[in-house]
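Chemist: The structure follows.
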Amino acid sequence: YEYNDNRKNLLEGNEKFLSIRSLSFIQGYIPSKKEDDFKKLLSKEIKEEYVLEIKDADKDDPNVPIILENNKLVKPFESIVKTYSMPKYYEVDPTPTVMPFYAIFFGFMMGDFGYGLLLFLATTLALKFIDLRKSTKSSLKFFQILSIPTMIAGLIYGSFFGDLIPIPGLINTSPDYMITLSGSVALGFIHLLSGLGVKGYMLVRDGKYSDLLFDVVSWYMVLIGGVGFLLSSMIEMSPIISTISLILFILGLIIVLLFSHRDEKSLFGRIAWGFYDVYGITSYLGDLISYTRVAALALSGAYIGLAVNMIANMMIDASVVGIPFAIIVIVVFHLFNMFLSALSGYVHSMRLIYVEYYGEFYEGGGVPFRKLQNEGKYIELLDKEK
């Protein structure tokens, strides 16, 4: 099956070659690290005369196919990037920065040590004892990694299947819900600053230092200065911090106002568009509020777990006969709550990445690299270096 499937691809590929009576022209892409192997293969397999020309792809060419390459820890999170869109060739691979934030969001949304432990055990045993396809292994490794921050968040919340197994925690999600909400917003603020940082890195890489000042540093000044000034008015702080924060905020706004649309020829047009960008501060407020979903999902999962345990305790207190029914309720509904929490964490963490984070620096729309050889259905061929 695999042989004939790839043979079919070869025959279909022949139809796409530009050929005349004595010559055939073939154009395509190969990964740069495969260049030497490709040259050796051609010299070995082709006995006729041929001319090979290899040149680096144009950074701004939208047709350059993209291959994501990351280490074993980060690689499972490439699926999050691919689900949205591959990066353009001139962009950076966002996977290394997506991975830690996605894991933290998921962990705190699920937020139970018992759920994280079950997820870790299930994925680890499946990876060890079941012969799985490459894509399935990657998905299981993805959730295996996510189980770690879930257990850490459970220890912070003091949640082990709700309150079924009492453990001490740093934060009690029920009475300390304001701390949970504030922590979610603070995490979101760091996330947004990280997105601006990636944009700044791309500008430095391309030597666009003036753009770095006007499009990144200015917004760092606005955001950090604004948040610092608000905190100083809410919490007792040194007047120096309040003054410095206000100065940063005002200077940042002036830079955004005057230089965010510096390509505009008329001063009026530049100022008008500058005011529009200054108004964009409100979008940052909306983005920060959006991060409260981390706390909201953590609280909802915790309350469902507490309700399940409460119902089970009522059955046990009613009579001895209620014990087996209580066990069934605990097992079935905690598994159901675990599924809901995992599904919510998966979807909403993705949403925070795609909408809030990508909005700072990511365009996407890249073309994925396609091999001439199909991905095997029954046979998996490994790279020799692996």
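The values are calculated or read from the model by the stated rules, or taken from the named source; none is laboratory data. Keep in mind it's a predicted model, so treat the numbers as computed, not measured. Cβ sites come from the backbone with ideal geometry, for glycine too, and all protein chains shown count toward neighbours. All accessible areas refer to the heavy atoms of the entire protein, side chains included, with ligands and DNA or RNA removed. Shrake-Rupley method; radii C 1.70, N 1.55, O 1.52, S 1.80 Å.
Chemist: Measure off 7 Å from each Cα along the Cα-to-Cβ vector at Arg133 and Asn6, then give the distance between these two points in nanometres to one decimal.
Modeler: 1.8
Chemist: Additional query: Only one of the values [x] 89, 71, 28; [y] 91, 48, 38; [z] 74, 50, 47 was calculated from this structure for Cα extents along the principal axes in Å; name its label.
Modeler: From the options [x] 89, 71, 28; [y] 91, 48, 38; [z] 74, 50, 47, the structure gives [x].
Chemist: Could you tell me which trypsin sites (Lys or Arg not before Pro) in the range 221-272 are loop residues by DSSP with no more than 10 other beta carbons within 10 angstrom of their beta carbon? The partial results should precede the final answer.
Modeler: Numbers: sites: Arg262, Lys265, Arg270; in loops: Arg262, Lys265.
In loop regions of the range 221-272 (DSSP not H, G, I, E or B), the sparsely surrounded trypsin sites (Lys or Arg not before Pro) are Lys265.
Chemist: Between Leu52 and Leu125, what FRET efficiency follows from the Cβ-Cβ distance if R0 is 41 Å, with the result rounded to 0.05? The partial results should precede the final answer.
Modeler: On the way: r = 49 Å, r/R0 = 1.20.
Computed FRET efficiency for Leu52 and Leu125: 0.25.
Chemist: Name the residues whose placed amide hydrogens come within less than 5 Å of the amide hydrogen of Ile66, ignoring near sequence neighbours (fewer than 5 apart) on the same chain.
Modeler: Val367, Phe369
Chemist: I would also like to ask the following. Among the aspartates and glutamates, which fall within straight-line cross-link reach of Lys141, defined as a Cα-Cα distance under 16 Å, with same-chain neighbours fewer than 8 residues apart omitted?
Modeler: Hits, sequence-local ones excluded: Glu78, Asp131.
Chemist: What distance in nm separates the simple spin-label points at Tyr279 and Ile240, each placed 7 Å from Cα in the Cβ direction?
Modeler: 4.0
Chemist: Now for a different question. Using only alpha-carbon positions, what ratio does the radius of gyration of the range 178-282 give when scaled by 2.2 N^0.38 Å? Present the calculation step by step, with values, prior to reporting the outcome.
Modeler: On the way: Rg = 15.4 Å, N = 105, 2.2 N^0.38 = 12.9 Å.
Relative to the rule-of-thumb radius for its length, the range 178-282 sits at 1.19.
Chemist: Follow-up question, since we're still on this one. Find the relative contact order for the range 296-386 and round it to a whole percent, using C-alpha pairs within less than 8 Å whose residues are 6+ positions apart.
Modeler: Values: 27 pairs, mean separation 21.8, N = 91.
Answer for the range 296-386 is 24 percent.
Chemist: Label-point separation (nm) for Ile247 and Phe325, each offset 7 Å from Cα along Cα-to-Cβ?
Modeler: In this crude label model, Ile247 to Phe325 measures out at 7.1 nm.
Chemist: Write down the accessible area per residue of the chain in Å², having rolled a 1.4 Å probe over the full set of protein chains.
Modeler: On the way: 24120 Å² over 386 residues.
Spelled out: the 1.4 Å probe surface of the chain, per residue, equals 62 Å².
Chemist: On to the next question. Only loop residues by DSSP count here, and only those with at most 16 other Cβ atoms within 10 Å; note down the GluC sites (Glu not before Pro) in the range 281-363 that meet that.
Modeler: Those satisfying the criteria are Glu363.
Chemist: Also: If I take all pairs of Cα atoms in the range 14-77, what percentage of them are more than 14 Å from each other?
Modeler: Details: 1454 of 2016 pairs.
Counting every Cα pair in the range 14-77, those more than 14 Å apart make up 72 percent.
Chemist: Ok, one more. Once the Cβ-Cβ distance between Leu213 and Glu363 is put in as r, and R0 is 35 Å, what FRET efficiency do you end up with, to the nearest 0.05? Walk me through the intermediate numbers first.
Modeler: On the way: r = 21 Å, r/R0 = 0.61.
Rounded to the nearest 0.05, the efficiency is 0.95.
Chemist: Using the per-residue mean of other Cβ atoms lying within 10 Å as a proxy for protection, in what order, highest first, do the peptides 48-60, 140-152 fall?
Modeler: On the way: 48-60: 8.2, 140-152: 20.5.
Answer by packing, highest mean first, reads 140-152, 48-60.
Chemist: How many angstrom lie between the Cα centre of the range 183-240 and the Cα centre of the range 44-98?
Modeler: For the range 183-240 versus the range 44-98, the Cα centre distance is 31 Å.
Chemist: Summarise the accessible area of the chain (1.4 Å probe, protein heavy atoms) by the percent that is carbon and sulfur.
Modeler: Working: 15900 of 24120 Å².
Answer for the chain: carbon and sulfur cover 66 percent of the accessible area.
Chemist: Would you mind checking the pairs Lys47/Lys377; Lys8/Lys39; Lys55/Lys377; Lys8/Lys33; Lys8/Lys72 and listing those with alpha carbons more than 30 angstrom apart?
Modeler: Correct reply: Lys47/Lys377; Lys55/Lys377; Lys8/Lys72.
Chemist: If you count, for each residue, the other Cβ atoms within 10 Å and average over each peptide, how do 26-34, 311-319, 186-194 line up from highest to lowest?
Modeler: Details: 26-34: 10.9, 311-319: 14.1, 186-194: 17.2.
Per-residue mean Cβ counts within 10 Å order the peptides as 186-194, 311-319, 26-34.
Chemist: Okay, next question. List every DSSP H helix in the chain whose Cα atoms extend 27 Å or more along the helix's own long axis and whose mean Kyte-Doolittle hydropathy is at least -0.5. Please list the in-between numbers first.
Modeler: On the way: long enough: 134-157 (35 Å, 0.65); 177-205 (42 Å, 1.16); 239-259 (30 Å, 2.85); 292-318 (39 Å, 1.22); 322-351 (42 Å, 1.48).
Span-like helices here: 134-157, 177-205, 239-259, 292-318, 322-351.
Chemist: Ranked highest first by average number of other Cβ atoms within 10 Å, how do 37-47, 156-166, 79-89 line up?
Modeler: Values: 37-47: 10.3, 156-166: 19.1, 79-89: 17.0.
In descending order of packing, they fall as 156-166, 79-89, 37-47.
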